[in-house]
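The values are calculated or read from the model by the stated rules, or taken from the named source; none is laboratory data. It should be emphasised that the depicted structure is a prediction, and the values quoted were computed from it without experimental measurement. Here the Cβ positions follow ideal geometry from the backbone for every residue, glycine too, while neighbour counts run over all protein chains shown. Surface accessibility is based on the protein's heavy atoms, side chains included, excluding ligands, DNA and RNA. Shrake-Rupley method; radii C 1.70, N 1.55, O 1.52, S 1.80 Å.
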Amino acid sequence: MARGVESIRRTALGVLGALLLVIGIALLVLPGPGLLLVFAGLVLLARAVPALDRFVAPARSRAMRAAEESVSSRWRIAGSVLVGLFLVAAGVVWGLVPRLPYSGWATGASLIISGLVLFALLVWSHRRVRAARRDSPSAPAPQRTRSE
């Protein structure tokens, strides 16, 4: 009985991991968090197929570096917010205007969800980078002048 449950768990992890990996690869060229989804897919696949564990660490370092770079300046944050707002607005338009190609709420909802995922990952990345900077012992202390 336990082997059957384990087999079902590994199959479910493998299918979900493969799905996230494929979506992540597509999002490498489309707007979205491609590297983070590739990493998440690889983590799940590595749990189902331990031989894939060697690919997790390189994907993690690249995904985390990309997340840090996405919030490295106010301009990048502003650009990401504008893209997210555009995705949400485009989703609403695609849901409401029937003359657009592939119009309907299926397309609109996928655009809206993409925008919301972008916002969630932007907030997560920003908090992660701020916490790392705050906890870093190599952060320079404020310099005091002689007049203080």
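Filtering segment 105-122 down to residues that are within 17 Å of Gly34 (Cα to Cα) and free of Cβ contacts under 8 Å to residues at least 40 places away in the same chain, which residue is least open to solvent (accessible area, probe 1.4 Å)? Going through the qualifying residues, I end up with Gly115. The residue pairs whose first member lies in segment 3-14 and is open to solvent by 80 Å² or more (accessible area, probe 1.4 Å), whose second member is among the basic types (Lys, Arg) and at pLDDT 85 or above, and whose beta carbons are closer than 9 Å, counting only pairs six or more residues apart or on different chains, are Arg9/Arg47; Arg10/Arg47. Every test in (1) assigned to a helix (DSSP H, G or I); (2) free of Cβ contacts under 8 Å to residues at least 60 places away in the same chain; (3) open to solvent by 50 Å² or more (accessible area, probe 1.4 Å); (4) not hydroxyl-bearing (Ser, Thr, Tyr) is passed by Leu42 save one, and that test is (3). A Cβ distance below 6 Å, combined with a sequence gap of six or more or placement on separate chains, defines the contacts here; from segment 47-61, residues that are free of Cβ contacts under 8 Å to residues at least 40 places away in the same chain reach residues that are open to solvent by 70 Å² or more (accessible area, probe 1.4 Å) and assigned to a helix (DSSP H, G or I) in the pairs Ala48/Arg10.
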